[in-house]
Amino acid sequence: MDLLSRQNPVFSAYALYSVLLSLKMLALFLRIAYLRVKKKIFISPEDTSLAPGAVVNRDDPDIERTRRAHLNDLENIPMFWIIGFLYVLTRPSALIAENLFRLYFVARAIHTFVYAFVVFPQPTRAISFLVGIAVKFYMSLQVLAYFS
């Protein structure tokens, strides 16, 4: 079986959850844009011409929380894409790999939800963040063991 084909359930799961993570990141970007237009708050002075009465403001709490959630994704999800792809090449158990990819996606979705949409008290966000780190760490160790 070709490792990088739809016939490989591990690669199919990797592709599915990679796309879902991309869409989640895109949704955050769109939420930031929506909040900026709705509140008429922009980050660059030239953008204020897009909406009458718009102002420049870099510290709106709703926009900043969503922006920080998006930045957190930008710091974490690309690493998943790299490690996850290399993990596919180790020929892992489909059951384990699919559940790791699923767990990572759910952890990141929860992280986004409790960071950008409905603020939950800590340690909710920290736990979801650490679950994602644990998944990447486990896959990294498996890749390291396989290729060394």
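The values are calculated or read from the model by the stated rules, or taken from the named source; none is laboratory data. No experiment lies behind these values; they were computed from the predicted model shown. Glycine gets a Cβ as well: all are built from the backbone with ideal geometry, and neighbour counts include every protein chain shown.
When region 97-120 is filtered for residues that are out of contact with any Ser or Thr (no Cβ under 7 Å at 6 or more places or on another chain) and surrounded by 18 or more Cβ atoms within 10 Å (Cβ to Cβ), the ones remaining, listed by number, are A97, E98, L100, F101, Y104, F105, R108, T112, Y115. Quickly run through region 83-98 and pick out the residues that are over 13 Å from L21 (Cα atoms) and either modelled with pLDDT under 95 or in a helix (DSSP H, G or I) (or both). If the condition is that a residue be over 13 Å from L21 (Cα atoms) and either modelled with pLDDT under 95 or in a helix (DSSP H, G or I) (or both), then I83, F85, L86, Y87, V88, A94, L95, I96, A97, E98 are the ones that fit. Residues in region 47-66 that are small (G, A, S) and surrounded by 14 or more Cβ atoms within 10 Å (Cβ to Cβ): A51, A54.
Of all the residues in region 121-148, those that are farther than 14 Å from Y104 by Cα and surrounded by 14 or more Cβ atoms within 10 Å (Cβ to Cβ) number 3. Close contacts from region 3-16, counting a first residue that is of a type in the set (F, W, Y) and a second that is assigned to a loop (DSSP other than H, G, I, E, B), with Cβ to Cβ under 6 Å and a gap of 6+ residues or different chains, come to F11/L4.
The rows are residues; the columns are (1) under 22 Å from L26 (Cα atoms); (2) free of Cβ contacts under 8 Å to residues at least 40 places away in the same chain.
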residue: R91; (1), (2): no, no
residue: E98; (1), (2): no, no
residue: T112; (1), (2): yes, no
residue: V119; (1), (2): yes, no
residue: I127; (1), (2): no, yes
residue: F137; (1), (2): no, yes
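Scan region 67-78 for residues that are over 14 Å from F101 (Cβ atoms), among the aliphatic types (A, V, I, L, M) and either surrounded by 13 or more Cβ atoms within 10 Å (Cβ to Cβ) or in contact (Cβ under 8 Å) with a residue 24 or more places away in the chain (or both) and the total you get is 2. If you go through region 38-47 and keep only what is at pLDDT 90 or above and assigned to a helix (DSSP H, G or I), you end up with K38, K39, P45, E46. What about F101, is it in a helix (DSSP H, G or I) and closer than 20 Å to Y115 by Cα? Against the criterion (in a helix (DSSP H, G or I) and closer than 20 Å to Y115 by Cα), F101 does not qualify.
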